[in-house]
Structures are given as structure tokens and as C-alpha cells.
Amino acid sequence: MKSYFLRPMLGLSFVLVLFSCKEDTKTTTITETAIKIESQKVSDFFQNTFDEQIARSPEFQTRLGIKKNYGKWNDISPEASERDQKFYKEKLQWLEDSVNVEALSKDVLLSYKLAKQNFEKEIKNYEFRLHNYPVNQMFGAQSGKPAFLINMHRIDSLQDAEAYISRLNGFKPYFEQLIENLKAREAIGVMPPTFVYDKVIQDSENILVGQPFDQTETKSALLEDFTSKIDKLDLDDSIKSQLKTQANESLLNAVKPAYAALIDFMSAQKERSNTDAGAWKFPNGEAFYKNALTNTTTTQLTADEIHNIGLAEVDRIHKEMNAIREKVGFEGDLKAFFEFMKTDKQFYYADDKNGKAAYLDKAVQIIDSMKTRLDEIFITKPKADIIVKAVEPFREKSAGKAFYNRPAADGSRPGIYYANLYDMASMPTYQMEALAYHEGIPGHHMQLAIQQELENVPMFRKFGSYTAYTEGWGLYSEFTPKEMGFYADPYSDFGRLAMELWRACRLVVDTGIHAKKWTREEGIKYYTDNTPNAELDAIKMVERHIVMPSQATAYKIGMMKILELREKAKNTLKDDFDIREFHEVVISHGAIPLNVLEDFVDEYIGSKQNEIK
């Protein structure tokens, strides 16, 4: 998964679009000049709006490689949320009052409708702005801010170093506002279940380990990062020494008290928490979860429908796994085969430095091998490269199994496939291919890097995200290599099915927890009863469901739609179907809702049929 689990950047994502992207029937004749003028006006609006949003987000500026406001953090105050709401309403009003929709080109019309629905959804979502957990084991300032500095904040000059120190000093006011936000949620009954607290506290304590926070020989994660970046600069030693002294002071006088205050607050709030896991416990929780499912899947599927789809998919995949069990000659039922796959040492690297290095090396080999075959299934390929990294020690205990960070827009940073090697028993070798294909190539790196590199589309579409589309593509990308001859080892093919099974179980458990009042323990048991994954995998996944309602339903819903559309195109076009052309249709527009994707595929089918005639 990608760093997708954070709130959608700039609020331009996770929206349902209920329109067709096909051209409206024109009742009047509009000149090409008029279309050009009106389309340019709206395109300028998109760019100006994006620029305004960028100006309000120092952190997104950094992600884009922009060094304006380089020493600042985003504003997370209630007043900022109110300004955002006013902003969305003003922009929506302009779209409704100032645009002649009939005079827009086809491409601009699509962007217009996407933007309009984005603003409408953000306005609606304001009602649920406190229905989330700003800090939890998956994301939040306690782990996100250090990771941001380490991975995003480049130091290429003295000014960049000073900006880094400024951000260190900004920890204290940022965390003060964060704690106020947590208090506001508690006031309406929104608090994470008890298990979350120890994980957030542990994350926080990890940041305060090492120099200058203690007298050990090891530097803390932030000091090590700052020092290593400073040492690479072409500066006088006296200046470097002064910068390091300033960083030490900021770590002690701003970062340490910020974390100490958060630890104190979370420790106290934990005593007032309970074990209730689902969003049903929130005020108006049923409506919130329904809205979340709609936003995540870009469909009107209900919780019950999604739950039942998951049950059916679990049953289908179990049957395919049984076929592999028989193929490899395993004596015993599927449950016994699961246990064999979980415990046999042949499927795991050693849980030591050498084993972890071997895992990373193998992951690189898998991605490099796929790179050589991309021309077989793609027309457009990303310019940005991808690297493989282990999740940093300070957050590996609570972070997910694997995830992806997109490359910098200016080309200064490659895409990153992160593998979490904290517990090697949770990273079996038979799942390595599927993981690398999903997070790397042809998965998230292909889709997100290409989206970011698109030309002649508004910036908000280059960086927007629809989870069902993005994660649906990631899961679809686990399956596609099988058709290319990968997964030659039946155990590796079992791993692919195990990964798909995992996503099918997500449909069952996410809806079970948030709509059917399942407990955390019931969710864990469903995973351990129905999958070959380690218990720690099950625990982490259920805890992820709990703090990110609906998000995990996107994968299977999106994959199933892409496969459905592919079958539709294959059955219609028969011998004239070209997988490269189909993939071009799917990824050449950037992230879009599933119903809009269907419109594009229908257009492709019609266009191809006309060519044949």
C-alpha cells in the first residue's frame, strides 16, 4: 500500500462521481473558438486553485520539490478547517455560476465534473471532520513528522539546513494544536480503542532514544538524519558545527517537550478509553461509515453487499488454493497446508541483518526482472525510477507490511517501495513477488508515476487519488504477471492467491467491525481461520481496519471492476483485443472513479470496433 492512508492531499480525493464522462449532447452550435476560450478559462481556474492549495500546504510543497515555506508545517487548527470549507464553497460556486459547460472541450469537461464533485464531497465531509483518529499506529504526527523530515526534507544548502531546524522548532506548537484536536474529538465521543495508545506512545518514545536525548553513543533518528545530510554539504566545518549545535538545542527544547506532552496526554486519555472497535460508536456513526464506503469504493454498494462479496471471494480463492495444495502433493487439508506455509523455514529469511539484506536484494531482483518485460503489456512507461528500502526502525513496529511513496514531481526523488522487515516471520518468500508487483512494478509505481507525469491535465488530477482505482490497480497488478509466466513456482502462485485472499477477507472484516459490531478479536480470528498469514499480520490488519474505516474495501472492489471491464473488452473485441491498449486506457487518465473508468473502456471498445470496420 502507499502512503495513501493519510488524509487525501489537499482534500481532492476519495470522492464519488455520479456522472458519465461521455460528451453531453449539444443542443446549440458552439464555435471552436468559443470552446477554446471557455476551456482555457476553466483550465486557468484549475491551475489557480491548485496553486492556492499548494500555498496553504508547506508539506505538500516539499513533496513536490518546492522549497517555499520550507521551514513550516501545515496548519491543523479548527480555523484552518473552516477556511478550507469556505474555500471549497467559493470554488464550487464559481464552477456553478461562471462556466458555460456546453462550451468545454471533452477533456476539460471531465476535469470540470471531477473538480465539481470533489468540492461537493469535501463540503459534505466537513460534517465528519472529527470522525477520525489524528494519531494511531498507522499514521499521525508522532511517526509522520520524523518520517517526513528524513524522507522528504532535502538539505542542499545552508538555507535548507536552517529550514530543517525551523521545522524541528515547529514540533512544539504543532503538537500543542494536535492535542487540542484530540480533546475536541473526545468531547464528542471520538476516541481510539485502548490498544492504539500503547502503540502511539511507543512510537513517540522511539523518537526520544539516542543523542541528544540520552547519553548513549547512538544518535537519535532525527539527529542522525540531520547530521548525515549536513556532512554532505560543502560548508566550513565551523558552520556545520554551529548547525549541529542548533539542531541539538531544537531537539531538546522543542521536539522533546512536544513528544513528552503527547505521551502524557495519550497516557491519561488511555484510562478513559474502551475496547469498542467500530465506527458505529461515533456520533451518527452509521451515516459516517456509509459515506466512507461510498467515498472509498466510488460505488453505491452497501456494507451488507460488500460483506457478501467478500464471503463469496474467500470461498472461490480457497478452492484455487486447494488445487495448488494437491499439485504440490501436500497430504492434509487446506487448514493444515496453511499451517505448513506459515511455519516451514524454507519460506522465510533469517530474522537477522543478513536475512533482511537478502530479502531486499531479492525484492530488487523481482522488480528489475519485471522492468525487462514491461513493453509486453504497456505502451506508456514512467520516467521516474523506483528503489527498495526497509521501513525505518523508529516506525517499523507499528507500520504496515509494505507501502509505496511516489517520486518527487521534479524528478529529485525516485519512487520508494518500503518493505517492513521488523518481523521476518510476517514476510514469507512466497509472497515476495506479489508484494513487489503491487507496490512497485507494474503496480503503484507504474500508475502513480505515470499519473504524475501526465501532460495537459490539471495538477489536481495529477495528484488526486481514488482509493478503489489506485488500490484496485495495485491488486490487479499482482494478477497480471501470472499471465506473463511469472509465479512459476507453485508456492509463489499460492502466495499470489494468499495476497488476494487477504484482500477478500478485508471486505468481510472491515464491514464486520464497522457495520456488524465485530470485536477486534473476532476480526483477528476470521483472518487466522481463513488465511495462511502469520497471526501478527492478522492483528495488524484488524487494527488497521479499526483506525481507517472503509479504506481496506477498495482493493478487491477496484480489482474486480478492472477485471470485469477487461473481460468485457476481450469478449467484444476478441482477436483484436490488445492488452497494451487496454492498460493505456486504464492508466492514461490518472486516478478516476470506477464508473468513469468504465466509460473510457466503453469508448475504447467502440473506437476499436470502428477501426475494424
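Taking a point 7 Å out from the Cα of Trp280 in the direction of its Cβ, the residues of region 504-522 whose backbone N falls within less than 14 Å of it are 509-522. 3J(HN,Hα) along region 342-347, derived from phi through the Karplus expression 6.51 cos²θ - 1.76 cosθ + 1.60 where θ = phi - 60°, amounts to 7, 10, 6, 5, 5, 9 Hz, with x in place of Gly and Pro.
Over all orientations, region 141-274 has a Cα convex hull whose mean projected area works out to 8.4 square nanometres.
For Lys124 and Ala312, calculate 0.36 nm times their separation in residues minus their Cα-Cα distance, and state this gained length in nm to one decimal.
Details: separation 188, 0.36 × 188 = 67.68 nm, distance 3.30 nm.
The span from Lys124 to Ala312 would gain 64.4 nm if fully extended.
Cross-link partners of Lys281 among aspartates and glutamates, defined as those whose alpha carbon lies under 14 angstrom from its own and excluding same-chain residues fewer than eight positions apart: Glu186. Bridge orientation summary for the chain: considering DSSP beta bridges with both residues in this region, about 35 percent are antiparallel.
Taking 19 Å as the straight-line reach from the Cα of Lys244, the aspartates and glutamates in range (excluding those fewer than 8 positions away in the same chain) are Asp156, Asp160, Glu162, Asp214, Glu217, Glu224, Asp225, Asp231, Asp234, Asp236.
Footprinting exposure proxy ranking of His589, His444, His583, His318, fewest other C-beta atoms within 10 angstrom first, gives His318, His589, His583, His444. Protection proxy ranking for 54-61, 104-111, using the average of other Cβ atoms within 10 Å per residue and placing the highest first: 104-111, 54-61.
Calculate the tail of P(r) for region 201-311: the fraction of all Cα-Cα distances greater than 24 Å, expressed in %. Show your work: numbers first, answer last.
Working: 3391 of 6105 pairs.
When every Cα pair of region 201-311 is considered, 56 percent fall beyond 24 Å.
Computed extension length for Lys240-Gln202: 10.5 nm, one decimal, from 0.36 nm per residue of separation with the Cα-Cα distance subtracted.
Pairs of lysines in region 106-177 whose Cα atoms sit within less than 29 Å of one another amount to 9, provided the residues are eight or more positions apart or on different chains. Cross-link reach is defined here as a Cα-Cα straight distance under 16 Å, omitting same-chain residues fewer than 8 places apart; for Lys345 the aspartates and glutamates meeting it are Asp423. Grouping the Cα pair distances of region 512-592 into 10 Å bins from zero gives a pair-distance distribution of 15, 33, 20, 24, 9, 0 percent in increasing distance order. Among Glu38, Glu471, Glu217, Glu433, a tally of other beta-carbon atoms within 10 Å of each Cβ gives an order, fewest to most, of Glu217, Glu38, Glu433, Glu471.
Computing FRET efficiency as 1/(1 + (r/R0)^6) for Ser369 and Ser273, where r is the C-beta to C-beta distance and R0 is 45 Å, gives about 0.45. Along the axis of the charge dipole computed for region 469-613 (Cβ charges of +1 for Lys and Arg, -1 for Asp and Glu, origin at the Cα centre), the listed residues His545, Trp502, Thr519 are led at the positive end by Thr519. Multiplying each eigenvalue of the alpha-carbon gyration tensor of region 258-318 by 5 and taking the square root yields semi-axes of 34, 16, 12 Å, largest first, rounded to whole angstroms. Taking the centroid of alpha carbons for each part, region 486-538 and region 187-211 are 26 Å apart. For Lys561, Lys568, Lys356, the sequence from fewest to most other C-beta atoms within 10 Å is Lys568, Lys356, Lys561. A full extension of the chain between Thr380 and Asp44 corresponds to an added length of 118.3 nm, given 0.36 nm per residue minus the alpha carbon distance.
By the helix-only formula, in which each DSSP H run with n ≥ 4 contributes -39500 (n - 2.57) and the sum is divided by residues, the chain has a 222 nm mean residue ellipticity of -19500 deg cm²/dmol. The distance from the alpha carbon centre of region 345-423 to that of region 221-268 is 28 Å, rounded to a whole number.
Taking 30 Å as the limit for the C-alpha separation, the pairs Lys353/Lys525; Lys183/Lys356; Lys381/Lys525; Lys401/Lys517 exceed it in the case of Lys353/Lys525; Lys183/Lys356; Lys381/Lys525. Most tightly packed first, judged by the mean number of other beta-carbon atoms within 10 Å of their residues, the peptides 149-158, 404-413 read 404-413, 149-158. How many angstrom lie between the C-alpha centres of region 558-613 and region 85-156? Region 558-613 and region 85-156 have Cα centres spaced 28 Å from each other. The alpha carbon radius of gyration of the chain, expressed as a multiple of 2.2 N^0.38 Å, is 0.97.
Readers should treat all values here as calculations from the given coordinates under stated rules, not as data from a laboratory. This one's a predicted model, so the numbers in the text were calculated from it and none came from an experiment. All Cβ positions, even for glycine, are placed from backbone atoms using ideal geometry, and neighbour counts span all protein chains on display.
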